[in-house]
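See below for the structure under consideration.
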Amino acid sequence: MTDAPQTTFEPLVFSGVQPTGNLHLGNYLGAIQRFVAMQDTHPCIYCVVDLHAITATLVQPDLVQQTREVTAAFLAAGIDPKRNIVFNQSRVHEHAELAWVFNCVARLGWLNRMTQFKDKAGKDRENASTGLYAYPNLMAADILVYRATHVPVGEDQKQHLELARDIAQKFNNDFAGRIAELGLGDAFFPLPEPLIQGPATRVMSLRDGTKKMSKSDPSDYSRINLTDDQDTIAQKFRKAKTDPEPLPTEPKGLENRPEADNLVGIYAALSGDTREAILGQYGGGQFSTFKQALTDLAVTKLAPINAEMKRLLADPGHIDAVLKDGGERASAIAAPVMDAVKDVVGFLR
């Protein structure tokens, strides 16, 4: 009889960020800032998903340093590694073990519907790695190896969470008899729910308001990096693309003005104010005045994070110790779950 956790699923949040280098304002407002808020309302596991990092590009310039940078950003932004679990994915081998089981649970038709593979593989799909094709199964394993109940997701990840639910449901159904026989209740895996935290902050390029802010953009002026100093932040906002019209006095006036809408959205996300309040203060004025206010606000919010990241990265031993401790605590949860999966499937152990 396995001693794995029983079917009552305690609330638990799983969140992951790829260590792809050059974390920017979009990563902070869209994910990391939300992670900081979540730790006050839920028990959380924060993972640097380094196994995912090699799905598109196998040979990374410095995966170790990129992993440390994401961890430093977590800590500098305010995530407490004592209250939560912070670790890098490859330390916990159960992620990969469960992913293989899920490769055998998931159906090809399910993966063929994944739009992100089509986007990332582009026209040369035959040359994409099988890891890129199957990584949604690994994402499901990331969540379910902890039997996490909630996952914060943006629009581009909802499809992957739906797949994780489908995999959990199929596993529960296919092995219903074995799950009951082993005394594991009527279901082994929860069906994870999306964690909605209000409107998602979608940060766009400072050079083109119709494209997401991205580290892959060839122009460094398209993004605010978390490692940018105050002068660089100011220069980038000064050069940010706008249009010749003054700011409108109400949100409706931002329609069909993507650059203006993006800058107002960034101000709103950094300040916590509504678009209405911001336009009530700055509407009708010139962009130069608003850009200066946005710069001052961004520097106030980001400079302490930038300074703390630099301090942490100067002490890699501390970061590594945080990840090691987090990995051990994550393994303590994942190992009995994986052992139970082996019992359910019928592996001899």
For this session: Six or more apart or on different chains, Cβ under 7 Å: which pairs go from a residue in the range 90-118 that's of a type in the set (Ser, Thr, Tyr) to one that's part of a helix (DSSP H, G or I)? Could you list them?
Result: Ser90/Asp50; Ser90/Leu51; Thr115/Gln159
For this session: Could you list all residues from the range 34-89 that are assigned to a loop (DSSP other than H, G, I, E, B), among the small types (Gly, Ala, Ser) and either closer than 24 Å to Ala332 by Cβ or in contact with a Ser or Thr (Cβ under 8 Å, 6 or more places away or on another chain) (or both)?
Result: Ala56
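Filter the range 249-280 down to the residues that are in a helix (DSSP H, G or I) and loosely packed, with under 15 Cβ neighbours inside 10 Å, then identify the one that is farthest from the chain's Cα centre (by Cα).
Going residue by residue through the range 249-280, those that are in a helix (DSSP H, G or I) are 251-254, 258-271, 275-280.
Okay, now just the ones that are also loosely packed, with under 15 Cβ neighbours inside 10 Å, so 252, 276-277, 280.
Details: Lys252: 30, Glu276: 29, Ala277: 29, Gly280: 33 Å.
The qualifying residue farthest from the chain's Cα centre (by Cα) is Gly280.
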For this session: State all residues of the range 113-137 that are closer than 23 Å to Ile167 by Cα, at pLDDT 80 or above and surrounded by fewer than 17 Cβ atoms within 10 Å (Cβ to Cβ); if no residue qualifies, say none.
Result: Arg113, Thr115, Ser129, Thr130, Gly131
Exercise. Quick one: would you say Pro246 is in a loop (DSSP other than H, G, I, E, B), at pLDDT below 95 and surrounded by 15 or more Cβ atoms within 10 Å (Cβ to Cβ)?
Worked result: yes
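Does Ala234 satisfy the condition of being assigned to a helix (DSSP H, G or I), small (Gly, Ala, Ser) and assigned by TED's automatic domain parsing to the domain that holds Thr274?
Values: assigned to a helix (DSSP H, G or I): yes; small (Gly, Ala, Ser): yes; assigned by TED's automatic domain parsing to the domain that holds Thr274: yes.
Considered against the rule, which asks whether it is assigned to a helix (DSSP H, G or I), small (Gly, Ala, Ser) and assigned by TED's automatic domain parsing to the domain that holds Thr274, Ala234 comes out as yes.
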Exercise. Are any of the residues in the range 99-112 within 26 Å of Phe35 (Cα to Cα) and surrounded by 13 or more Cβ atoms within 10 Å (Cβ to Cβ)?
Worked result: yes
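Find the residue count for the range 302-317, including only residues that are touching a helix residue (DSSP H, G or I) at 6+ places or on another chain (Cβ under 7 Å) and surrounded by fewer than 18 Cβ atoms within 10 Å (Cβ to Cβ). I'd like the intermediate steps shown before the answer.
Kept after step one, since they are touching a helix residue (DSSP H, G or I) at 6+ places or on another chain (Cβ under 7 Å), are these residues of the range 302-317: 302-303, 305, 308-309, 312-313, 316.
Now restrict to residues that are surrounded by fewer than 18 Cβ atoms within 10 Å (Cβ to Cβ): 303, 308, 316.
Going through the range 302-317 one residue at a time, the tally reaches 3.
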Problem set entry | Pair list, Cβ under 9 Å, 6 or more apart: the range 34-48 residue surrounded by fewer than 16 Cβ atoms within 10 Å (Cβ to Cβ), other residue modelled with pLDDT under 90 and assigned to a loop (DSSP other than H, G, I, E, B) | Ala37/Gln197
Exercise. How do the pairs read when you match residues in the range 56-71 that are closer than 19 Å to Ala314 by Cα and of a type outside the set (S, T, N, Q) with residues anywhere that are buried (at least 16 other Cβ atoms within 10 Å of the Cβ) and modelled with pLDDT under 95, using Cβ under 6 Å and keeping only pairs 6 or more apart or on different chains?
Worked result: Val70/Val17; Val70/Pro19
Problem set entry | Residue under evaluation Gly346, criteria (1) in contact (Cβ under 8 Å) with a residue 24 or more places away in the chain; (2) under 18 Å from Gly209 (Cα atoms), criterion not met | (2)
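I'd like to know if the range 320-340 contains one or more residues that are closer than 26 Å to Lys239 by Cβ, surrounded by 15 or more Cβ atoms within 10 Å (Cβ to Cβ) and touching a residue at least 12 places away in the same chain (Cβ under 8 Å).
Of all residues in the range 320-340, those closer than 26 Å to Lys239 by Cβ come to none.
Looking through the range 320-340, none of the residues is closer than 26 Å to Lys239 by Cβ, surrounded by 15 or more Cβ atoms within 10 Å (Cβ to Cβ) and touching a residue at least 12 places away in the same chain (Cβ under 8 Å).
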For this session: Name the single residue, out of those in the range 138-192 being assigned to a loop (DSSP other than H, G, I, E, B) and surrounded by fewer than 16 Cβ atoms within 10 Å (Cβ to Cβ), that is nearest to the chain's Cα centre (by Cα).
Result: Gly154
Problem set entry | Odd one out for Glu69, checked against (1) of a type in the set (Asp, Glu); (2) modelled with pLDDT of 90 or more; (3) over 18 Å from Asn225 (Cα atoms) | (3)
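The values are calculated or read from the model by the stated rules, or taken from the named source; none is laboratory data. Since the model is a prediction, treat every value here as computed from it, not as a measurement. Don't worry about glycine lacking a Cβ; one is built from the backbone with ideal geometry, like all the others, and counts go over all protein chains shown.
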